[in-house]
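What follows is a set of notes on a single structure, which appears directly below.
The values are calculated or read from the model by the stated rules, or taken from the named source; none is laboratory data. The shown structure was predicted, so the numbers you read here are calculated from the model rather than taken from an experiment. Neighbour counts run over all protein chains shown; Cβ positions are idealised from the backbone, glycine included. We work out accessible area using only protein heavy atoms, side chains counted, and drop any ligands, DNA or RNA first. Shrake-Rupley method; radii C 1.70, N 1.55, O 1.52, S 1.80 Å.
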Amino acid sequence: QVQLVESGGGLVQAGGSLRLSCAASGRTFSSYVMGWFRQAPGKEREVVAVINSSGNNMYYPDSVKDRFTISRDNAKNTVYLQMNSLKPEDTAVYYCAASGATRPTAPYEYHTWGQGTQVTVSS
């Protein structure tokens, strides 16, 4: 079973950028689809990016398309989320997660979660 640890969150002004990292332990990382989710206070957890096991197929919802980029380095057991042009509404706890499903976009399709990292975007 893989374990996930996120890092890179923080406070940034609107229009700024942040890069989140998610380091995975275990030898099965390269076989998993990886996703980034976020959850703001009082709101449901929502997907912001998904990448397949080989890293050549990505999914983004319209809310972050053209601003966020997911990537992975299977040699380093790490998945990244580059976030540009950040908006106050991007403020949330961001989680990475691992799935064995095909193109999973719902939280229930993921079996392993990190502890989350806070991203705060000030106006």
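Things worth noting here:
- The residues of the chain expose, per residue, 51 Å² of accessible area to a 1.4 Å probe.
- Within the accessible area of the chain (1.4 Å probe), percent carbon and sulfur: 46 percent
- Each peptide in 53-62, 107-116 gets a packing score, the mean of other Cβ atoms within 10 Å over its residues, and the list from highest to lowest is 107-116, 53-62.
- Label-point separation in nm, residue 23 to residue 53, each point 7 Å along Cα→Cβ: 2.5 nm
- The residues packed around residue 93, meaning those with a beta-carbon under 15 Å from its beta-carbon, carry a net charge of -2 if Lys and Arg are +1 and Asp and Glu are -1.
- Semi-axis lengths, Å, the stretch 20-123, gyration tensor of Cα atoms, sqrt of 5 times eigenvalues: 22, 14, 13
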